[in-house]
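Some notes on the structure that comes next.
The values are calculated or read from the model by the stated rules, or taken from the named source; none is laboratory data. None of the values given here were measured: they were computed from a predicted structure. No Cβ is skipped: glycine too gets one built from the backbone with ideal geometry, and neighbour counts run over all protein chains shown. Please note that ligands, DNA and RNA were not included when accessible areas were found on the heavy atoms of the full protein model with its side chains. Shrake-Rupley method; radii C 1.70, N 1.55, O 1.52, S 1.80 Å.
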Amino acid sequence: MRRWIGFLGSWALLVLALGLASIAVAGEWINVRDERRLDRAAMIDQMIAERSGNKAGELRQTAAQRAGEVNVLQNKVQAVQQQTDDVPDTGQTIIVSTAENKLYVRRGGQTVFDAVCSTGKGSTLAIDGHTWVFDTPIGRLHVVAKEENPEWVPPDWHYIEEARKNGMRVVHLGPGNAIDARTGQPASSNSGFWSWFSGGSSPTLRVKGNTVVENDGGTERELPPGKMITAGDAIVVPPANTKQRHFTGILGHYRLELGDGYGIHGTDEPEKLGQSVSHGCVRLADKDIEALYKMANVGDTVIIY
């Protein structure tokens, strides 16, 4: 009996040992299989990378960029919501969506007007330590004034942009100064050369009162108002109070002033409506700005998001 019990015990130990060995072998096989799968996955990834080049990386970068843009837009919307929580849905409100490039007018809880517009292009211009950001301001503003046939006084950045487009330089013409009309240099530096070359004195540009004149051998003429002035390879920037710095027709026939130089106005580039191409103002077609101008009131709330 003891021998039989010992025999059974030996078999039990043998079976247990075989079971443990099987489990160990199975575990090792699973590890080997997993390693092979990882090797295959790595090989597939390498093959995809070799065939697609940098496309996968570019796609990941694009996705990350899009996610960042969405976050920025969501932050803008949340900021506007916080600023306008106390605005009752009564009276009249002008709403501008920079994402849609659409303008809406709401009155008494109803949309009574909508139009396609253009808003800021979001680019920057940096020169001489100064940076301009061409973006439409986000938040809650008000109509502070209404103006018919508005004049545009181009900021310095307009002349800089035009000069860069045409491969030219920029020179400033101030009261008491003179610029050689042929070279764009200070009148005293090249007048002798041009005088010898042309057989007479070189014409010069000067500020006279509120206008810019050209003096050519004693004959004086006023330059056309609201026109770009060029001298040689330079674009001339006249003082802000001169006629040549005041342009008409650029802003259309009507403008709603929002403060800090921003406004809602017409455009001389109607083909670009619906695009983010402005330097910060909101542009509308002639018929739309006329309709908006008639219904808008000084003090109307303007929400831009």
Surrounding net charge for Val298, when Lys and Arg each add one and Asp and Glu each subtract one, Cβ distance under 12 Å: -2
Between the stretch 93-110 and the stretch 228-283, the Cα center-to-center distance that results, in Å: 24
Exposure ranking of Glu161, Glu222, Glu148 by accessible area [1.4 Å probe, largest first]: Glu148, Glu222, Glu161
Interchain or long-range residues, amide H under 5 Å from Tyr262's placed H: none
Dipole magnitude of the stretch 202-305 about its Cα centre (Cβ charges: Lys, Arg +1; Asp, Glu -1), debye to nearest 20: 180
His279 - accessible surface, heavy atoms, 1.4 Å probe, Å² rounded to 10: 50
Among the listed pairs Lys146/Lys243; Lys208/Lys287; Lys208/Lys272; Lys243/Lys294; Lys121/Lys227, those beyond 32 Å (Cα-Cα): Lys208/Lys287; Lys208/Lys272
Computed FRET value (nearest 0.05) for Asn177 with Glu151, which takes r as the C-beta separation and R₀ as 25 Å: 0.55
Per-residue SASA entry for Asp286, accessible area with 1.4 Å probe, Å² rounded to 10: 80
Residue (of Gly259, Gly176, Ala163) at the positive-pole extreme of the stretch 122-281, dipole from beta-carbon charges: Gly176
